[in-house]
Amino acid sequence: MIEVEHLSKRYGTHLAVDDISFKVDRGEIVGFLGPNGAGKSTTLRILAGFLGATSGRVSVAGHDLVDDPLKARAALGYMPETSPLYPEMRVSEYLTFRAELKLVPRAARRSAVERAMRDAGVEHVASTPIGHLSKGYRQRVGLADALVSDPPLLILDEPTAGLDPNQIREVRALIRRLGDDRTVLLSTHILSEVEATCSRAIVISRGRLVAEGTIDEIRAMRRPPAVCLAVR
Ligand code: ATP
């Protein structure tokens, strides 16, 4: 579903992503694990088509991000780290607007928004302005936004950041349910988040891929990268 080959990203002189390659198969829930500043958001923003790579190749659902960007982007829903903008917009209004931007056909828009609200658990706040919602519910609106075009792939950037323990449990359960019939790549700096939601992890530190495998495989490594021990 995702193929990344020798991807690098430089911001001025700073090499934020340094020659990483990995694959995510259809149906997997994969954690993209690393400490703050490791290069997770940069990589996910490149995969989502919001940031250009300095070098390397990325394909999504078999479509090259540079040669065939519209098809690649149509296959994925991206939830950024930050909450949705437009605090004065009601949830259903915002999602309808987003569905329009994502070219969901007019006749299908209403049912697409209703399905996304149901899947993300925000249907009971459909008429509430986004700015009146708690952080947990704003995160869910971000998830509903990623779901509104019903993509087969979800790319979620730290989906539980800043939530309280109850909200974290709920969002993790939601991600596991969404992963029943979708591929999910989610970034986190918490090893237990990967254990709770993912079948395996790709570990990144200082822009480089340092380990890959199931949590048990990573733990069983003779010398697990320090980052895997530090990020608990
Ligand atoms: P976090 O969990 O803190 O979001 P991250 O793993 O997502 O961290 P990135 O946000 O991708 O890491 O940042 C990787 C590195 O690139 C960091 O050193 C960061 O300071 C730097 N960086 C990120 N965005 C920019 C930018 N627009 N311009 C310059 N440097 C940047």
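The values are calculated or read from the model by the stated rules, or taken from the named source; none is laboratory data. Only a predicted model underlies this, so the values are computations on that prediction, with no experimental measurement involved. Using ideal geometry, Cβ is built from the backbone for each residue, glycine included, and neighbour counts are taken over all protein chains shown. These area figures cover heavy atoms from the full protein model, side chains too; ligands, DNA and RNA do not enter into them. Shrake-Rupley method; radii C 1.70, N 1.55, O 1.52, S 1.80 Å.
Going by what's in this entry, would Glu100 be described as open to solvent by 60 Å² or more (accessible area, probe 1.4 Å), touching a helix residue (DSSP H, G or I) at 6+ places or on another chain (Cβ under 9 Å), more than 16 Å from the ligand (Cβ to nearest atom) and assigned to a helix (DSSP H, G or I)?
Numbers: open to solvent by 60 Å² or more (accessible area, probe 1.4 Å): yes; touching a helix residue (DSSP H, G or I) at 6+ places or on another chain (Cβ under 9 Å): yes; more than 16 Å from the ligand (Cβ to nearest atom): yes; assigned to a helix (DSSP H, G or I): yes.
So Glu100 passes the test.
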* Asked: Of Arg10, Arg26, Arg57, which residue is open to solvent by 50 Å² or more (accessible area, probe 1.4 Å), within 16 Å of the ligand (Cβ to nearest atom) and of a type in the set (D, E, K, R)?
  -> Arg10
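If you go through region 189-217 one residue at a time, how many are of a type in the set (S, T, N, Q) and open to solvent by 60 Å² or more (accessible area, probe 1.4 Å)?
1
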* Asked: Is there a residue being without any contact (Cβ under 8 Å) to a residue 40 or more places away in the chain, open to solvent by less than 50 Å² (accessible area, probe 1.4 Å) and not β-branched (Val, Ile, Thr) anywhere in region 149-160?
  -> no
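Go over the candidates Ala38, Ala48 one by one and state the one that is more than 15 Å from Ile204 (Cα to Cα) and either under 16 Å from the mean Cα position of the chain (by Cα) or within 13 Å of the ligand (Cβ to nearest atom) (or both). Give the steps one after another, and end with the answer.
On the way: Ala38 fails: more than 15 Å from Ile204 (Cα to Cα).
None of the others qualify; the one that does is Ala48.
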